[in-house]
Each structure stands twice: as structure tokens, then as C-alpha cells.
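The values are calculated or read from the model by the stated rules, or taken from the named source; none is laboratory data. Because the structure is a prediction, the values reported are computed rather than measured. All Cβ positions, even for glycine, are placed from backbone atoms using ideal geometry, and neighbour counts span all protein chains on display.
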Amino acid sequence: MTIRSLSQSKKFKNLLKVYRVKRLALFGSYAAGKPEKRSDVDFLVEFEPEADLLDQVGLQQDLERFLKKKVDVVTPNSLSKYFRDDVLRKAVYL
């Protein structure tokens, strides 16, 4: 699945609404267009203020089912200070 097709999918857009996603970006190998067969899909997610941990976990699980790939869901505040700036600079917002 390409970034373009993912962002245009109605099912994908519905997941974002259900889990109160304010903003979403890809980072890592998929954002760079260089995923390998075993690559996971890394998402940087900003949630609406009323979202909670269950929204984050639910989003991760449903994205894994939807994409049939391992998915990591992180928030900007959970990024390590050692690579935070790099992730934010290279993130591809959907």
C-alpha cells in the first residue's frame, strides 16, 4: 500500500476519527520510501485532547489488522530526545 492510497482510504480515515487522531505522519523506512520485507510501519500520532491510552492501543491494533503489518504508534512527547528532531524533520504527514 502506498502512502497516497493509505491516506485516501475511507476505512483508514474512519479509524482516525474513531480513535480521535488530530494529526498523523509516517516516519522511518516507509516514509523514506525504502521499506524492506520485514519493516514495520512507524506512525507519529497527535491525538485530540480527550483521547486516552485506549485510543492509542486500539489505533495500533486496528492499523496492524488493516495493513497486515507490525505497526508502531508513537506520540511526539514519547519520542526519545536522541532522535526526536530527526523524526519530526523527516515525518510525512498524511
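Yes/no matrix, rows are residues, columns are (1) crowded, with 18+ Cβ neighbours inside 10 Å; (2) closer than 19 Å to Tyr93 by Cβ; (3) at pLDDT 95 or above; (4) of a type outside the set (A, V, I, L, M, F, W, C):
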residue	(1), (2), (3), (4)
Pro35	no, yes, no, yes
Arg38	no, no, no, yes
Phe43	yes, yes, yes, no
Pro49	no, no, yes, yes
Asp52	no, no, yes, yes
Gln56	yes, yes, yes, yes
Gln61	no, no, yes, yes
Leu67	no, yes, no, no
Val73	yes, yes, yes, no
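For the range 51-94, which residues satisfy the criterion of being among the aromatic types (Phe, Trp, Tyr) and either within 18 Å of Leu15 (Cα to Cα) or touching a residue at least 24 places away in the same chain (Cβ under 8 Å) (or both)?
If the condition is that a residue be among the aromatic types (Phe, Trp, Tyr) and either within 18 Å of Leu15 (Cα to Cα) or touching a residue at least 24 places away in the same chain (Cβ under 8 Å) (or both), then Phe66, Tyr93 are the ones that fit.
Per-residue answers, yes or no, for (1) in contact (Cβ under 8 Å) with a residue 24 or more places away in the chain; (2) in contact with a strand residue (DSSP E or B) (Cβ under 8 Å, 6 or more places away or on another chain):
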site: Ser7; (1), (2): yes, no
site: Phe12; (1), (2): yes, no
site: Val21; (1), (2): yes, yes
site: Phe27; (1), (2): yes, yes
site: Glu36; (1), (2): no, no
